[in-house]
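Student: Input: one structure, supplied below.
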Ligand SMILES: [Cu+2]
Ligand SMILES: [Cu+2]
């Protein structure tokens with residue numbers, strides 16, 4: 001390898017490294033600069049089924065998500081007046097301006113689902129839906145359903 | 001036999017039959033491919049085989065007094081993404097009113113019989129005049145072209161008295 005070729009190669013490596021670094025920094029900045037996404041004032045999310053007070057005779061059942069005056073978009077993609085569903089099970093609402101936790105009490109439907117099969121132990125449970133934006137942060141104003149109570153037998 | 005199927009010059013018989021055999025093979029292969037492609041053609045965007053769209057409401061045969069109804073779109077094993085957003089295993093709903101399925105390998109028309117829900121909606125308020133009406137859901141990709149395989153609901157009939 002000639003000296004000039006080596007020089008050229010190392011220069012191009014430096015260039016690539018600089019571009020990658022710039023890209024990483026840009027991504028980090030975007031995330032940090034995030035504010036809550038707006039939602040239409042008349043957006044409504046609700047649990048289509050089960051109904052409040054429902055007694056369900058099986059552990060595994062389908063929950064249907066209702067959404068009005070707003071759209072669904074998978075997590076990771078920002079889109080005006082849209083978001084994805086989160087099903088809160090046996091828990092109160094999380095912080096309004098932070099990423100919704102992801103655990104057995106906070107289920108994310110980031111693939112754009114509008115219904116889900118869940119499995120619960122027998123007993124009394126609460127269910128509530130909360131919309132989140134592309135970063136899993138609730139909207140402003142928050143789009144949240146009534147909290148319902150069901151009994152699994 | 002090959003020459004009967006694919007007539008050609010006979011002055012180099014051996015060569016010719018090998019050539020014909022190749023042609024026959026490729027034609028057979030082509031035939032097999034054509035046979036595999038379903039009769040109803042679909043677009044290019046793949047979606048899981050078990051994806052399903054259906055009407056949560058109204059039910060087939062429902063009688064809707066006044067003709068105003070919230071139509072609720074059911075979707076299983078796939079997700080919603082607004083039109084223009086290309087994400088795996090997603091699409092947006094289209095409501096076909098009083099019409100048969102459009103060509104399934106093209107962009108779905110946008111008119112009063114083909115309503116697009118490109119903002120990612122999962123339900124819609126519609127108003128229908130007195131009489132019998134058919135409703136059908138057809139899911140489509142970011143470019144409004146149905147998926148492969150096609151994801152469509154049963155066509156239902158409702159009556160507005
Ligand atoms: Cu989320
Ligand atoms: Cu469309």
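Every number in this text was worked out from the coordinates using simple rules, so none of it is lab data. None of the values given here were measured: they were computed from a predicted structure. Don't worry about glycine lacking a Cβ; one is built from the backbone with ideal geometry, like all the others, and counts go over all protein chains shown.
Student: Take the alpha carbon gyration tensor of the range B:79-161, find the square roots of its eigenvalues, order them as a ≥ b ≥ c, and report rounded if a/c is under 1.5; if not, report prolate when a/b exceeds b/c, else oblate.
Tutor: prolate
Student: Mind jotting down the distance between the C-alpha centroids of the range A:81-153 and the range B:118-159, whole Å?
Tutor: The range B:118-159 and the range A:81-153 have Cα centres separated by 27 Å.
Student: Using Cβ counts within 10 Å as a stand-in for footprinting exposure, how do B:63, B:53 rank, fewest first?
Tutor: Fewest-to-most ranking of B:63, B:53: B:63, B:53.
Student: Can you put B:119, B:132, A:147 in order, fewest other beta carbons within 10 Å first?
Tutor: So the ranking, lowest neighbour count to highest, is B:132, A:147, B:119.
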